[in-house]
Structure formats: C-alpha cells, structure tokens
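Notes to accompany the following structure.
The values are calculated or read from the model by the stated rules, or taken from the named source; none is laboratory data. Keep in mind the model is a prediction, meaning the values are calculated, not measured. Heads up, the Cβs are rebuilt from the backbone with ideal geometry, glycines too, and the neighbour counts pull from every protein chain shown. Surface areas here come from the heavy atoms of the whole protein model, side chains and all, with no ligands, DNA or RNA. Shrake-Rupley method; radii C 1.70, N 1.55, O 1.52, S 1.80 Å.
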Amino acid sequence: MLRGIIIALLSIAVAGTGYWGYQEHREKNAILINAENTYQRAFHDLTFQMDLLHDKIGTSLAMNSRTSLSPALAEVWRITSEAQSDVGQLPLTLLPFNKTEELLTNIGEFTYRTAVRDLDKNPLSDQEYKTLESLYKQSGDIKRDLRQVQHLVLKNNLRWMDVEMALATGKEAADNTIIDGLKTVEKTVEGFAENDFGPAAFGMKKNNNGFKYLKGNQITKEHAVTMLKKTVPNIKETEIRVTKNGKGSENSFFSVNMTSKVNGSEATMDITKKGGYPIWFIFSREMGKQKLSLNEAEKKALAFLRENKFEDIELLDSVQYDTAGTFTYVGNKEGVRIYPDTLKVKVGLDNGGIIGFSGEDYLKSHHQRASFEPGIQESEALTKVNPNVAIKEKRLAVMLNKLGEEVLCYEFTGTLGKDTYRIFINANNGEEEQVDRMDNIEANF
Amino acid sequence: MKRIRLRCKTLLLIAMLAVVPIAMIEQPTEAFSNQVIQRGAVGEDVIELQSRLQYLGYYKGKVDGVFGWGTYWALRNFQEKFGLPVDGLAGAKTKQKLVKASKYNRSTATKKTKSPQTKVTAANVPNGYSKNDIQLMANAVHGEARGEPYIGQVAVAAVIINRVENASFPNSISGVIFEPGAFTAVADGQIWLTPNETSKKAVVDALNGWDPTGDALYYFNPATATSKWIWSRPQIKRIGKHIFCE
C-alpha cells in the first residue's frame, strides 16, 4: 500500500520535473531565437545597405548635372548612417571590425560635406571625383565580401549566437565561418590605402596633437605632489601615490593620488611633466550644506586658475549642480573669445574649496595666436543672421568649425521666442559656421 | 443707542484683530539673501528673482528656481529700464530696486501667484543632454564600476563619451552602451541595478568634460579579462581595478 503511494508520488514528481524542464527548455529556446533573429536582421540589413551604398555611389559617379548630384550624395550619406547603425547592433566589439565602421564614417563625412556644398558655385574637384571613384571600388569590394559571408551563413544555417559564444569563451569554434568571413572583410578595408578625402579629412583626428604648445621645464615627482597638496590643503592623514603615464599615452604626465585614511576622501590630479600644468583634477569628498553663492565661488575658481598660470581667460558660463558650482572659462585675446582654449573649474559651495578642474583642451590648443583681422564688416555678417533673431550681444570669437579648424567668427547671441541662440558667422567669408541653441535646464519629472 | 455703540466697538475690534495679522503677513518679512545671484544659480533666491521679474512683466517663463538664459535676459531688460549697469547679475543695488518695484513674499507666494511656486522644480543639465541620458549612463556606470573609486566611475563615463565621438563606434549614448559585447554589465543585466547618486555625479562630471582616462576608448579588468585582443591595445593608465587603453 505504502509502496504503491510512494511509487505514485515519485512518478508524479518525475513527470512534473520533466514537464517543468521541457517548459524551461522551450522558454530558453524562444529567447535564443529572439536574440538570434535580432542579429540576423542587423546582418542582412547591413549587407543590403552596403549593396545600396555601392549602387548609389555608382549612380552619383555617372551624374553630370550638379543639381541632381547633391540629392544623390545626401542619399549616400543617409545610407552610411543606416549601415553604421547596423554594425553597432552586431556582436563585433571584440573583433577588430573598427576599420569598416571607420570607412563608413569617412564616406559619410565626405558625402555630407559635398552634398551640403553649393555645387553650382563650387563643383566637385578632380581630386574629389577621384575619391568618389575609389570609394565606389572599395564599397564594391566590401559588398562582395559581405555577400560571400551572407551566402555561407544562409547555406550552412549558421547562427550568430554561436559567434557570440565563441567570442565569449575565447575559443575558436570548429566552424566559425562568420568570424573568418568578417575578418576577411576587415582585411579588405585595411588593405585600402589611406584614402585621400581631400584637404580637410575627418575632424576628430586633427584635434589630437598632444600638448605641443606647452612651455617650461620638466618637473619632478615631488613638485607634482606639492601641487596637489596646495590644491587640497584640508585633506588629512593621507596616503600618497604617484604614477607615470602608460606607454600608450600620447602625453607624459604624473598622476598623483591622495587618499584620506580617516574618511575616504580622495583627490587625484594629472600633471604634465613639462611645465607642471594640471591636466585634470577631481577631489571626491562628502559635501556639506551650501554656504557660498555661485558668485563668491567664482572668485575662488579664478584664483585657482591664476595660481596655476592660466592666463588670458574670461568666464563663459557658471552652473550649479546640487552643492557644487561648475565654471567654464574660455580664452580671451584682445577682446576676442577663444573657444578652443576651454577650462572648467568645479568649486564646492559648502566651503569654497576647489573640487574639480579640467584643462586638457586649453593645454592642447593655447598658443600665441596672430592678431585677428576679420575680412568682412560686422554689419555685413549681421545680414547673414536670421532676421527673426533679436540680437543681444555681438563679439568676435575663434571657434572650431566642423572640420576641426580654428576659424575667426562674429558671434551673435540672441533670442528667438523663448530660446537663446549663439550664432557664428565666419568673419572672412560670411558663412554660417554654427548655430547653438543654449538649453541646459530641464524640468524635474 | 448704547447697544449700537457697543456693537460698533466690537465690530471695530474684530475688524482690527482681523487686519493686524494680514498686515503682518504683507510686510516683506523675508527677502533676498545677501548673495549676488548669477546665471546658473539654483534656489529660493532665484525663485524670488523670477517671481519679481514676472510681476513686473519682464520674465515670461516658468518660475522654476533655475537661473537660465530666459531669466538672464529678463534681468538685463529690467536693469536697462531702471538705469542700472546692465551686467545680468542680481547684486545689492539691483535687488534693492527689484524689491521696491515689485511685490513678493516668500511665505505667501503659494497663495498669491497663479502658479504656486516655492520649490525648485528644474535642474541644470550639461548642454545637449537630457536627464534621461544621464540616468542611462549612470545605470551603465553603476553596473560596470560601482565598487570603483569616484574617478574610476568618471573614467568609465568618459570612455562612453569618447566612443560616441569616435568614428569606429555608434554615434549615440544608447548605441554605445547597448552595442552587443561592449559592456559586461549590459550582457549580464547588472545595468538594471538602481544607480546611486555617486554614479550620477560621475556622469555629469564626464559630460561636462572631465576625462581622467586621457582619451581612452577601451578598458578592462586584468583579473577577469578573457579576450587576448584587449591586451594588445596601447595602455594609457590604470584607475582602480581597470586598465584604460586607446
């Protein structure tokens, strides 16, 4: 009797477990398929976009009329952005797939620049036409390679989830056609000689020229430590560590760290070896109640900058976040604002101590600039501004344009409706370089 | 007759009793504190400033307690009309003129203005980013580096921003964070832990331009990294447990 009951219970338990396991299995499979489908869609979409890209570049090459060339280039630009978004959805971060994405960015920037240009006045140069031709060839190569991978994926029923597993475990799977195929794509792109995208290639790289303008003698470790101590005089019972930059860094600096054994406050400052300028500094500590106004704190910020030999600057903006004030300074030479020479200082509104500093931009770009001579009159530049904007302030300013070059501009600050805008008109050719909407307040939800 | 007089007296007394507290309330018991208020400030003084400017018809925006551009232009217009130096700073003289020209009372502000405002209802955010961007990044930073020192958290946020700006990565914050395989915290779901205030502060610092990493694009924990490839990247520096590379 008892045996019969136990057997019955056990078999029910076994059946139940089996059923539960089956359910779990099904759920897991459903999720896997879902994830797999997302990857598949991104990949097939990418091949389709590359197809389209090749096609469109080809069409634009054959176009003769300048008026139809602009829309065609704009179309290419749109497709590169879609293709980039597809690449971003594939599990490729651990693979060196960067080159392909870079190529897409470059095609995008090149076509954008040429598409927005007035091609009637300023038609494609021979050089640019050649660039377009080589882009046509390259996108064709990538398209072919991707098609090959796509063919194998479809033929052998390959799954992206396996690629991810292979990447995660670091093991080379027996059949990793996808990885091999994509590596081929990447190699193809790498094989392309540095494309000549014309005189002004992509902006981001230009900016990165290190601290070449720095002046002064090499400083010692001890000097670096004194600098930090002077900035945070109140930190108690600290442990001090000084490290040098790693080998991959473009600039040489000391990194000084002070950690309090009492309350865990921690201050870190990177200081250039040459000249001993602070690159950035963060002091993380418990914040008290606000006692200082933003205005009083600004004086502390300015004193700190003066002490560290940052000169020819003016306050651009002040912002309060909780009990900390952040102040942005820009360079100023002969009344001209120098936007590339940006400095930021953060002051605690509880005791007025400096709790943050960031001067990398300033250190990289500040140098003796020649006198500024605008090529056009202010009144002429003003005619280029939207007449609906009520202009409140005018001045000259040096800013970085979309290509990362310094240009002299007339800066107009004005309002349109409830919004405030900063409008930059090139002081030599009257082009509208940039329009910024000043918006940095958001209502609490 | 006597009765009527008595009644009149009581009425007068009641009326006086009623008037006294009202009169007391209407006196500006509280006004601006001593600070010079400038653009970017947040707090009760800014609410008062905005309310007074609104009363005079210079300020047309919301009374939210954050001194933004709208308040700035309103204040400058006021200074111009009242013959004050136009500097956009609410200093002693400007405040004095404002108090004379307008009515405002902190303790009764809720009852009198149409839009009841005594609390700060907005906050400054780095230009071009929303609070939700900050929240999403804080989630990622918290999931990736919550045990790290503060600068380690700023550093992780800075890497996200460096990637957004780099040609080899997606062009949006969400694109970078959710790129498959980019962050372990996204892969194992730790990104959905509730971030603390520290990680939010770290994100705001990074968005404001603090980059402790020296333009790093990658970082890894040498104790747990499985990929061989990551070791081949040129290393910039080590912060906490993470090594940052180009």
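Table for the structure above
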item: Top-ranked residue of the range A:309-346 - restricted to ones that are within 13 Å of another protein chain (Cβ to nearest Cβ) and more than 26 Å from the chain's Cα centre (by Cα), ranked as least open to solvent (accessible area, probe 1.4 Å); result: A:THR323
item: A:GLU24 vs. criteria within 24 Å of A:ILE179 (Cβ to Cβ) and among the charged types (D, E, K, R); result: no
item: Residue list for the range A:201-228, restricted to those being away from chain B (no Cβ under 14 Å), in a helix (DSSP H, G or I) and either surrounded by 11 or more Cβ atoms within 10 Å (Cβ to Cβ) or at pLDDT below 80 (or both); result: A:LYS221, A:HIS223, A:ALA224, A:VAL225, A:THR226, A:MET227
item: Within the range B:37-71, tally of residues that are surrounded by fewer than 18 Cβ atoms within 10 Å (Cβ to Cβ) and either without any contact (Cβ under 8 Å) to a residue 40 or more places away in the chain or among the β-branched types (Val, Ile, Thr) (or both); result: 3
item: Leading residue by the ranking (modelled with the lowest pLDDT) among those in the range B:237-246 that are surrounded by fewer than 20 Cβ atoms within 10 Å (Cβ to Cβ) and within 8 Å of another protein chain (Cβ to nearest Cβ); result: B:GLU246
item: Single condition B:ALA138 does not satisfy, out of (1) modelled with pLDDT of 90 or more; (2) touching a Leu at 6+ places or on another chain (Cβ under 9 Å); result: (2)
item: When residues of the range A:260-294 are limited to those that are surrounded by 19 or more Cβ atoms within 10 Å (Cβ to Cβ) and over 31 Å from the mean Cα position of the chain (by Cα), the one nearest to the other protein chains (Cβ to nearest Cβ); result: A:SER293
item: Residues satisfying the stated conditions in the range A:396-445, i.e. closer than 27 Å to B:VAL63 by Cα, open to solvent by 50 Å² or more (accessible area, probe 1.4 Å) and touching a residue at least 24 places away in the same chain (Cβ under 8 Å); result: A:LEU416
item: Options A:LEU95, A:LEU119; residue that is modelled with pLDDT under 85 and over 30 Å from B:SER232 (Cα atoms); result: A:LEU119
item: Helices (runs of 4 or more DSSP H) within the range A:283-395 that include 1 or more residues touching a residue at least 60 places away in the same chain (Cβ under 8 Å); result: A:294-307, A:360-365
item: Candidate set: the range B:128-149, residues that are buried (at least 24 other Cβ atoms within 10 Å of the Cβ) and not hydrophobic (A, V, I, L, M, F, W, C); chosen: the one nearest to B:THR184 (Cα to Cα); result: B:GLU144
item: Looking only at the range B:207-236, and only at residues there that are buried (at least 24 other Cβ atoms within 10 Å of the Cβ) and facing chain A (nearest Cβ under 10 Å), the one that is modelled with the lowest pLDDT; result: B:GLY214
item: Count of residues meeting criterion [closer than 14 Å to A:ARG285 by Cα, modelled with pLDDT under 80 and among the polar types (S, T, N, Q)] in the range A:229-264; result: 2
item: Selected residue [modelled with pLDDT of 90 or more and within 9 Å of another protein chain (Cβ to nearest Cβ)] from B:VAL154, B:VAL176, B:VAL159; result: B:VAL154
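Yes/no matrix, rows are residues, columns are (1) within 14 Å of chain B (Cβ to nearest Cβ); (2) crowded, with 19+ Cβ neighbours inside 10 Å; (3) modelled with pLDDT under 90:
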{"site": "A:ALA8", "(1), (2), (3)": "no, no, no"}
{"site": "A:GLY21", "(1), (2), (3)": "no, no, no"}
{"site": "A:ASN34", "(1), (2), (3)": "yes, no, yes"}
{"site": "A:LEU61", "(1), (2), (3)": "no, no, yes"}
{"site": "A:LEU73", "(1), (2), (3)": "no, yes, yes"}
{"site": "A:GLY88", "(1), (2), (3)": "yes, yes, yes"}
